[in-house]
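Structure first, then comments.
The values are calculated or read from the model by the stated rules, or taken from the named source; none is laboratory data. Everything quoted here is computed from the prediction, not taken from an experiment. So basically every Cβ, Gly included, is an ideal-geometry build from the backbone, and we count neighbours across all protein chains shown.
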Amino acid sequence: MKKVLILGGGFAGVEAAIFLRKANIDVTLISNRDFFYIYPTSIWIATGESKFEDMCVPLEDLSKAHGFELIIDEVQEIHSREKRVVCAKETYECEYLVIAIGSGKMQHEGSENFLSICGKPEESIAIKERIDALIAKGSGKIAMGFGGNPKDPSNVRGGPAFEVIFNVHNQLKKLGIRDKYELTF
């Protein structure tokens, strides 16, 4: 039986694991977190309409349901020619390798001063905390936007940022305090 090692517990990694298991291939998935995060519905966390936990599906549940092995570990090095992956806890050998670890974002100057709904899952909690703090203050300015890759103008995902600011607008209206906040996109 063919053996495949998949790196990454996001959409691509989990989908690959499920697809390959349906083809009766032996699959091991390595993820640095124990949950699959549902990014598209995380836009409601900022306004409290959804909870962070509701956006997380335990990878263990998916592993059991679809029959792939799950390892929680942090990838340190990938040696594709040698078919070897070095992780924090152990080194893994493989016959085939699928790299589905997502894309890193460019760290622009000042990036330590903003949060991204498309960033690390925990950033959605921090966005909610900042919005809650502004609401408790009674007035303020909220700015949201999105960035892209200047070398690839087609690589832009502005939808989630629009959706979050619309949700914040609606939350402020429901609370009867929309007029006390300046929203900028």
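A few remarks follow.
- Filter result for the condition that a residue is modelled with pLDDT of 90 or more and more than 16 Å from GLY8 (Cα to Cα), over ILE78, ILE135, ILE101, ILE117: ILE135
- Scanning the range 79-92 for residues being in a strand (DSSP E or B) and either of a type in the set (S, T, N, Q) or free of Cβ contacts under 8 Å to residues at least 24 places away in the same chain (or both) gives a total of 4.
- Per-region count, the range 143-184, residues touching a strand residue (DSSP E or B) at 6+ places or on another chain (Cβ under 9 Å), among the hydrophobic types (A, V, I, L, M, F, W, C), farther than 15 Å from GLY48 by Cβ and at pLDDT 75 or above: 5
- Qualifying residue in the range 104-115 (condition: over 20 Å from LEU7 (Cβ atoms) and in contact with a helix residue (DSSP H, G or I) (Cβ under 8 Å, 6 or more places away or on another chain)): yes
- Verdict on ILE43 being touching a residue at least 12 places away in the same chain (Cβ under 8 Å), within 25 Å of PHE146 (Cα to Cα) and touching a Pro at 6+ places or on another chain (Cβ under 7 Å): yes
- Only one of GLU49, GLU82 that is more than 30 Å from ASN170 (Cα to Cα) and either of a type in the set (Asp, Glu) or surrounded by 15 or more Cβ atoms within 10 Å (Cβ to Cβ) (or both): GLU82
- Among the residues of this structure, GLU109 counts as one that is closer than 30 Å to ILE165 by Cα, free of Cβ contacts under 8 Å to residues at least 24 places away in the same chain and charged (D, E, K, R).
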